[in-house]
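Notes for the one structure printed next.
The values are calculated or read from the model by the stated rules, or taken from the named source; none is laboratory data. None of these values were measured; they are calculated from a predicted model. Cβ atoms come from the backbone with ideal geometry, glycine included; neighbour counts cover every protein chain shown.
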Amino acid sequence: MTTPQEELLPSTGRALLHRIAVAQAEGRAPSLVAAVVRGKETVWTGARTSVDGHGPDENVQYRIGSITKTFTAVLVLRLRDEGLLDLGDQLEKHLPGTGAGEVTIAELLAHTAGLAAESPAPWWERTPGSLRPELADVLGEQPLRHPIGRRHHYSNPGYTLLGALVEEVRGAPWEEVLRREVLEPLGLRRTGGEPQAPHAGGWAVHPWADVMLPEPAEDLGRMAPAGQLWSTTGDLARFAVFLARGDDRVLGAESVREMRAPAAPPEAADLTAGSGYGLGMQIVHRDGRILVGHSGSLPGFLACLMVSVADDLAAVVLANCTSGPAVSTVAADLVRIVAEAEPRIPEPWRPLPEVDRAVLELAGQWYWGTYAFGLRLEADGGLSLEPLSGTGRGARFRANGDGTWTGLDGYYAGELLEALRRPDGSVSHLDLGSFTFTRQPYDEGAPVPGGVDPGGWRGVR
């Protein structure tokens, strides 16, 4: 239930309704349901249907296809955060005997393991999972299509391996672990491997005539971690809040941020389309903003969840047809409509409740050689380094609690920033990944690598 402060303007709501109405009509979808999240709340829901007098609401289940992969990735990151595995570990260390054991867990998450896109025939999405009872049946005799780690190649069997990894480490079925560790803590009561009424039926719409054919809804068996789940716009809206903010009961904000960061080298086509991939999450550049989330499809269903962290907005779009409406475009458009019509109102500026004077001393202007930078204290206790000339390497840094900071993005991601002090306690310089930053350009009082010419600065005679 939304409060008056959270409600969208009527004009915004009408624009959202118009967008999904066009998508349902032009895409010839039996039904299409959508939701928009702002902050932590669902602020709009809408639906269009071919059935008079009835429309699906936020509790009607649709199959969500590959959005399932993001749930599986969350489970793997949980294992990493508990110290049970490392993303750099080869699969063989934890799940021996697959025939693809040389690939790393991170490569599987980012679709860079070189595995085939699909399992061997017959088409797994329209046939029972019982036809592929073992991992060998999913991978086939030649599981690799590309050199390991060299390129992004989307792989459904890769996420089957990740689901099997979760089962091996936890000692329980994938769906049981998912329900216990993710669905129940986040309150996703209408998400699961099997449909529960009310749910939509999956349909194929004839491409050249306005007639329909029911699609089979198979249990995917071993392939379930790649695309089995059913869910609702209500549940996926709550999941979107988690993907933007994290939840310590499931996965902390830092690990969720890691999932959203690019982790795969883009293909040329991806560069043109402005898309990439993180750890179980798609990354899309559209309308000047970065959207993260995932799309999904299975015969009879289309789905998309997209989050704009910068705008504090998310959108979910679900439809029950094999092809038709471009749900990823619709989801991006819903975010854009709200972001442009009702831009995010920033929180009021407030001074820090307290500040470490030793850290405050670092704020201000610094020089790397002759490049000028500004170092600013952030409200969360971190630092930001920005080039003052408009060009150069900037980054945000997370405080480590021991007087050092670790880079979060850009060139300095993962690099250590430390303030070096003289015997009297005053700051001599900053060391950032071996680079020396001084208060003055080539400060002769600091240990500048290579030294400073004793003649000092001079003009031309």
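List of remarks:
- The residues in the range 202-233 that are of a type in the set (Gly, Ala, Ser) and more than 20 Å from Ser66 (Cβ to Cβ) can be counted, and the count is 1.
- Only one of Ala240, Ala315, Ala303, Ala263 that is in a helix (DSSP H, G or I) and buried (at least 20 other Cβ atoms within 10 Å of the Cβ): Ala240
- Complete set of residues in the range 36-79 that are within 16 Å of Val177 (Cα to Cα) and out of contact with any helix residue (DSSP H, G or I) (no Cβ under 8 Å at 6 or more places or on another chain): none
- In the range 413-426, the condition of being modelled with pLDDT under 95, of a type in the set (S, T, N, Q), outside the structural domain of Ala261 (by TED's automatic domain parsing) and closer than 21 Å to Asp356 by Cα is met by at least one residue.
- In the condition set (1) in the same structural domain as Pro56 (by TED's automatic domain parsing); (2) in contact with a helix residue (DSSP H, G or I) (Cβ under 9 Å, 6 or more places away or on another chain), Ser328 is compliant with all but (2).
- Single condition Glu342 does not satisfy, out of (1) touching a residue at least 60 places away in the same chain (Cβ under 8 Å); (2) of a type outside the set (A, V, I, L, M); (3) farther than 30 Å from Met306 by Cβ: (3)
- Residue match in the range 44-55 (condition: in a loop (DSSP other than H, G, I, E, B) and of a type in the set (Asp, Glu)): yes
- Residue in the range 173-185 that is of a type in the set (Lys, Arg) and either surrounded by 14 or more Cβ atoms within 10 Å (Cβ to Cβ) or touching a helix residue (DSSP H, G or I) at 6+ places or on another chain (Cβ under 6 Å) (or both) present: yes
- Within the range 104-122, residues that are closer than 16 Å to Leu144 by Cβ and at pLDDT 95 or above have Cβ atoms under 7 Å from residues that are of a type in the set (Asp, Glu) and assigned to a loop (DSSP other than H, G, I, E, B) in these pairs: Thr104/Asp89, counting only partners at least 6 apart in sequence or on another chain.
- Output for the range 436-460, where each listed residue is surrounded by fewer than 16 Cβ atoms within 10 Å (Cβ to Cβ) and either of a type in the set (Lys, Arg) or not in a loop (DSSP other than H, G, I, E, B) (or both): Arg439, Arg458
- Among the residues here, Ala209 does not qualify as assigned by TED's automatic domain parsing to the domain that holds Val103, without any contact (Cβ under 8 Å) to a residue 40 or more places away in the chain, farther than 30 Å from Thr49 by Cα and in a loop (DSSP other than H, G, I, E, B).
- Candidates Asp219, Asp247: the one that is in the same structural domain as Gly293 (by TED's automatic domain parsing), in contact (Cβ under 8 Å) with a residue 40 or more places away in the chain and under 25 Å from Ala164 (Cβ atoms) is Asp219.
- The selection criterion, being modelled with pLDDT of 95 or more, over 21 Å from Pro173 (Cβ atoms) and aliphatic (A, V, I, L, M), holds for Ala35.
- Looking only at residues in the range 394-431 that are in contact with a Leu (Cβ under 7 Å, 6 or more places away or on another chain) and basic (Lys, Arg), the one that is surrounded by the fewest Cβ atoms within 10 Å (Cβ to Cβ) is Arg398.
- The helices (runs of 4 or more DSSP H) falling completely within the range 102-179 that include 2 or more residues that are assigned by TED's automatic domain parsing to the domain that holds Thr70 and hydroxyl-bearing (Ser, Thr, Tyr) map to 156-170.
- Under the condition of being touching a Leu at 6+ places or on another chain (Cβ under 8 Å) and among the charged types (D, E, K, R), the residues counted in the range 307-343 number 1.
- The set of residues from the range 331-355 being touching a helix residue (DSSP H, G or I) at 6+ places or on another chain (Cβ under 8 Å) and of a type in the set (Gly, Ala, Ser) comprises just one member, Ala341.
- Residue match in the range 316-339 (condition: under 13 Å from the mean Cα position of the chain (by Cα) and under 21 Å from Val74 (Cα atoms)): no
- None of Ala25, Ala47, Ala29, Ala15 is surrounded by 22 or more Cβ atoms within 10 Å (Cβ to Cβ) and hydrophobic (A, V, I, L, M, F, W, C) except Ala29.
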